[in-house]
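**Q** Shown below is the structure under consideration.
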Number of protein chains: 2
Amino acid sequence: MNTEKSIDFFFNPESIALIGASPNPEKLSHTILESLRKMNFKGKIYPVNPGYREIEGLKCYSSPGEIEDRIDIAIFAVPAKAVLEILKTPVENIKGAIIVSSGFREMGPCGKKMEDELRALLKEKGIRAMGPNCLGIYDTISNVDTFFIEREKIERPVKDGISVLTQSGSFAAMIMDELANEGAGVARVVSYGNKVDVDESDCLEFLTQDEATKAIALYIESVENGRRFLEVASSCVKKKPVVALKVGKREPGARAASSHTGAISGMYEAYEAAFRKTGIIEVASYEELKDACKVLNRYSPVEGKRVLIITDGGGIGIYIADSCEESGLKVPELSEVAVRKLKEKLPAFASVRNPIDLTGSVRDEHYVAALQETPAEEYDLALVSLLWGPPLLTEGVAEKIRNFADSCRKPILISSPGGKFSRELASAFTKAGMPVFFTPESAVRAATVLCCRKK
Amino acid sequence: MNTEKSIDFFFNPESIALIGASPNPEKLSHTILESLRKMNFKGKIYPVNPGYREIEGLKCYSSPGEIEDRIDIAIFAVPAKAVLEILKTPVENIKGAIIVSSGFREMGPCGKKMEDELRALLKEKGIRAMGPNCLGIYDTISNVDTFFIEREKIERPVKDGISVLTQSGSFAAMIMDELANEGAGVARVVSYGNKVDVDESDCLEFLTQDEATKAIALYIESVENGRRFLEVASSCVKKKPVVALKVGKREPGARAASSHTGAISGMYEAYEAAFRKTGIIEVASYEELKDACKVLNRYSPVEGKRVLIITDGGGIGIYIADSCEESGLKVPELSEVAVRKLKEKLPAFASVRNPIDLTGSVRDEHYVAALQETPAEEYDLALVSLLWGPPLLTEGVAEKIRNFADSCRKPILISSPGGKFSRELASAFTKAGMPVFFTPESAVRAATVLCCRKK
């Protein structure tokens with residue numbers, strides 16, 4: 001039976017055994033060992049493989065039982081059958097397991113039987129486990145990385161406040177790679193696959209009291225224990241924002257989900273109701289979940305839906321205003337006082353209404369003036385759109401806007417569409433600690449996440 | 001009065017006068033001259049500026065009237081007032097004008113008066129004109145480029161089949177930059193700004209019979225002559241697909257549009273009805289318009305909505321299936337015959353249903369086998385999703401899939417999300433002439449454009 005109720009030790013391990021360790025760079029286990037070292041993992045690492053006496057300068061053990069230490073996490077990177085065999089040997093010193101191996105329930109009746117056996121063995125030995133059929137943990141706080149895909153292929157995000165929970169490994173890899181590529185970070189990412197033991201509720205419970213986690217993003221195919229999820233999610237939402245993407249909503253997706261992680265994805269309506277009841281912010285798409293991760297790293301949801309739009313491209317400003325209104329946000333007209341103040345400080349070419357259009361003649365300071373002169377009580381969130389064509393606009397604008405954002409206590413979202421040149425200049429914002437959204441819609445989706453909490 | 005009814009000569013000019021030409025690299029006119037040369041424009045170029053006798057090795061004229069040649073396009077890159085003054089001098093040799101200058105109707109009552117004077121002058125002199133307040137023409141067929149933003153800032157797309165018509169210059173610049181950045185091309189792009197003369201209907205009429213244009217994308221703030229637009233659009237749609245994004249739908253956007261290009265964007269419902277009536281495919285977002293441009297460069301709309309999904313990431317497959325169904329597409333179960341054929345050719349680890357999941361053990365040839373073995377009569381379009389993490393997947397898969405696509409006569413859309421590594425490998429598809437979509441949603445939006453013509 002599982003003696004340990006809490007799974008905290010998965011996120012603060014002092015010792016890791018790598019079962020199936022290998023000096024062969026083509027083996028998954030080799031990638032994991034390399035990752036742990038690149039992460040600068042501070043605890044002990046014990047390679048386990050009866051075929052070797054040493055791997056990469058570390059003493060190699062023939063079995064976990066041979067290690068004279070408590071093992072917080074045993075990473076199983078061996079075929080499904082070998083996982084079961086090893087668990088039948090003395091493994092009393094193993095506290096937790098991450099079983100990345102596939103070949104269980106997702107493979108049909110035969111695999112299902114093996115997974116049942118796996119569950120029984122884990123219970124008998126008192127081992128808490130993540131997986132099987134998962135990537136495990138990528139953790140910028142504890143410096144653990146069991147994701148077995150090389151960082152040349154899947155970039156690793158820097159340290160930040162959002163934690164991501166997902167059944168799907170491919171989903172975890174995709175969002176990590178893209179967040180990293182867009183200059184955004186994460187706190188902890190958990191891919192828990194078939195959930196033979198640890199599930200979304202266990203992880204959510206841990207993250208609720210985790211100080212490193214500012215907000216949580218969920219990718220959900222299925223939830224088996226609905227009551228527990230409702231309880232845990234409700235307490236979590238009281239402490240920090242939780243966003244969720246439900247996949248397997250529709251019949252073909254649900255059909256595929258059942259073969260994928262062996263999940264029964266159930267009635268979408270039940271999930272929808274659960275999200276509403278607990279206060280989880282449901283997002284409609286992967287793109288929106290990614291936008292949510294980026295924006296929640298820096299900002300908390302706000303009361304109110306009034307968006308101030310500032311742009312240097314008239315067409316884009318109009319389009320953003322449309323998108324905001326269609327997403328349930330408001331783009332209010334500015335007061336006469338505001339218009340007067342803005343007209344005083346902005347050049348004649350600027351169009352002083354909402355959206356404020358600074359046009360192609362814009363200079364850096366006009367963006368700041370537009371933000372400073374609009375009375376704070378007239379909007380809840382500002383969406384600043386930059387096209388980098390205007391000749392007098394420089395990357396220096398990023399620090400100026402960041403300074404304003406630091407003082408104003410309202411979310412300022414940056415939209416910077418375009419190609420290489422724009423990405424390069426926009427990185428000044430990322431460096432200044434502000435998330436950048438690369439399409440107008442992306443920024444509007446992020447704004448919607450902040451402004452439209454379903455309660 | 002305008003003697004010339006057709007505006008064809010704008011797209012096949014033999015001579016261009018650049019009014020306001022300058023050797024100063026900071027001037028817009030200098031960027032235009034540089035662009036024309038980089039495009040390798042084959043016709044004659046006549047710089048006009050009374051202050052110089054020669055610019056960049058070309059004889060410089062003091063006025064357009066001094067040029068002893070017919071001028072197909074006179075590009076006006078001078079302040080608004082100077083445009084009017086020059087038009088009062090002898091300009092009988094000018095056939096068409098592109099007035100990039102701002103400072104007209106978009107500036108309020110005073111500018112409106114100037115624009116009225118401009119219109120009268122153009123009529124009197126028999127000059128057809130695009131603009132003012134526009135970027136003009138970027139044309140990969142005639143090698144004209146009047147966009148005055150440097151190519152270091154805004155990349156120029158290669159030659160392909162989609163032509164883009166837009167009131168907004170910032171919109172034109174943004175979509176060109178992004179298309180180029182994503183390896184997609186265009187035929188002709190026209191930014192016509194305030195539409196003092198040439199409007200969307202004139203351009204659409206030309207593009208209808210333009211062999212270089214395979215499909216057309218419209219960004220519309222307003223249409224003034226609704227009846228003519230309906231006529232022209234209806235005939236155009238009979239010959240090639242037309243997609244449109246209407247902006248200024250909602251009150252705040254419409255408010256901004258009126259100041260932007262001086263347009264009255266009118267009731268959105270009227271536009272919606274017009275799109276439906278003419279068979280124009282309306283898109284809901286900028287992202288979707290871009291996706292449409294990419295997909296219509298290669299594929300024509302199809303009859304039917306059945307999507308075959310092939311993936312190497314289970315979670316993404318489920319998500320794509322959901323997205324398809326939510327967008328009105330169908331993800332049908334495969335027949336028993338298909339399943340049997342696929343099971344024979346695909347390894348045991350593959351999940352053989354729709355979506356087909358080739359898993360992380362995928363090899364290049366499995367993608368092709370999945371396409372080859374699924375009977376063509378069971379789907380209308382295939383959506384192939386690649387995550388590049390799987391160790392045995394190589395960029396060689398691109399050519400193999402392209403070869404299949406060439407023979408099968410069904411659209412095969414590629415979805416390749418991820419960061420640097422994925423972009424790099426995915427470029428093999430772009431090189432093989434297949435558009436790549438960088439988020440799952442992006443591919444689904446493109447599929448929807450092809451499958452869901454509103455008629």
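**Q** Could you figure out which of (1) free of Cβ contacts under 8 Å to residues at least 60 places away in the same chain; (2) within 24 Å of B:L392 (Cβ to Cβ); (3) basic (K, R) isn't true of A:K38?
**A** (1)
**Q** Also, I was wondering about something else. From A:A382, A:A405, A:A369, grab the single residue that is touching a strand residue (DSSP E or B) at 6+ places or on another chain (Cβ under 6 Å) and part of a helix (DSSP H, G or I).
**A** Values: A:A382 fails: part of a helix (DSSP H, G or I); A:A369 fails: touching a strand residue (DSSP E or B) at 6+ places or on another chain (Cβ under 6 Å).
A:A405 is the lone residue from the list that is touching a strand residue (DSSP E or B) at 6+ places or on another chain (Cβ under 6 Å) and part of a helix (DSSP H, G or I).
**Q** Let me ask you something else. Given A:V243, A:V331, which one is closer than 30 Å to B:A257 by Cα and either in the same structural domain as A:G193 (by TED's automatic domain parsing) or modelled with pLDDT of 95 or more (or both)?
**A** Step by step, each of A:V243, A:V331 is checked, and only A:V331 is closer than 30 Å to B:A257 by Cα and either in the same structural domain as A:G193 (by TED's automatic domain parsing) or modelled with pLDDT of 95 or more (or both).
**Q** Follow-up. Can you pull out the residues in segment A:119-166 that are under 13 Å from the mean Cα position of the chain (by Cα) and either under 20 Å from A:D199 (Cβ atoms) or among the β-branched types (V, I, T) (or both)?
**A** A:I137, A:Y138, A:D139, A:T140, A:V158, A:I162, A:S163, A:V164, A:L165, A:T166
**Q** With the checklist (1) more than 32 Å from the chain's Cα centre (by Cα); (2) closer than 20 Å to B:G193 by Cα; (3) in contact (Cβ under 8 Å) with a residue 60 or more places away in the chain in hand, flag the one item B:C110 doesn't pass.
**A** So the condition that B:C110 fails would be (3).
**Q** Collect the residues in segment A:57-81 that are more than 20 Å from A:M114 (Cβ to Cβ) and part of a strand (DSSP E or B), keeping them in residue-number order.
**A** A:L58, A:K59, A:Y61, A:I71, A:D72, A:I73 - these are the residues of segment A:57-81 that are more than 20 Å from A:M114 (Cβ to Cβ) and part of a strand (DSSP E or B).
**Q** Looking only at segment B:68-90, which residues are surrounded by fewer than 24 Cβ atoms within 10 Å (Cβ to Cβ) and of a type in the set (G, A, S)?
**A** Selection gives B:A80, B:A82.
**Q** Of the residues in segment A:1-47, how many are within 26 Å of B:P390 (Cα to Cα) and either in contact with a Pro (Cβ under 6 Å, 6 or more places away or on another chain) or not assigned by TED's automatic domain parsing to the domain that holds A:N93 (or both)?
**A** 3
**Q** May I ask you to verify whether B:S258 is surrounded by fewer than 22 Cβ atoms within 10 Å (Cβ to Cβ), of a type in the set (S, T, N, Q) and not assigned by TED's automatic domain parsing to the domain that holds B:G108?
**A** The answer is yes for B:S258.
**Q** Looking at (1) in contact with a Lys or Arg (Cβ under 7 Å, 6 or more places away or on another chain); (2) within 16 Å of A:S191 (Cβ to Cβ), which is the only condition A:I141 fails?
**A** It is condition (2) that A:I141 fails.
**Q** Kindly provide the set of residues from segment A:211-246 that are under 20 Å from A:V283 (Cβ atoms) and touching a residue at least 60 places away in the same chain (Cβ under 8 Å), ordered by number.
**A** Answer for segment A:211-246, where residues must be under 20 Å from A:V283 (Cβ atoms) and touching a residue at least 60 places away in the same chain (Cβ under 8 Å): A:K214, A:A215, A:A217, A:L218, A:Y219, A:P241, A:V243.
**Q** Considering segment B:335-357 alone, what residues qualify as being surrounded by 15 or more Cβ atoms within 10 Å (Cβ to Cβ), within 11 Å of chain A (Cβ to nearest Cβ) and in a loop (DSSP other than H, G, I, E, B)?
**A** Within segment B:335-357, B:F349, B:A350, B:V352, B:R353, B:N354, B:P355 qualify.
**Q** I'm trying to understand the selection: among the residues of segment B:397-416, which are out of contact with any Phe, Trp or Tyr (no Cβ under 6 Å at 6 or more places or on another chain) and within 12 Å of another protein chain (Cβ to nearest Cβ)?
**A** Across segment B:397-416, the qualifying residue is only B:S416.
**Q** Among the numbered criteria (1) of a type in the set (A, V, I, L, M, F, W, C); (2) assigned to a helix (DSSP H, G or I); (3) away from chain B (no Cβ under 11 Å), which one does A:C324 miss?
**A** Unmet for A:C324, out of (1) of a type in the set (A, V, I, L, M, F, W, C); (2) assigned to a helix (DSSP H, G or I); (3) away from chain B (no Cβ under 11 Å): (3).
**Q** Also: Which of the residues that make up segment A:293-326 are buried (at least 24 other Cβ atoms within 10 Å of the Cβ), in contact (Cβ under 8 Å) with a residue 60 or more places away in the chain and among the small types (G, A, S)?
**A** A:G313, A:G317, A:S323
The values are calculated or read from the model by the stated rules, or taken from the named source; none is laboratory data. Because the structure is predicted, anything quoted here is derived from the model rather than measured. Cβ: placed from backbone, ideal geometry, glycine included. Neighbour counts: every protein chain shown.
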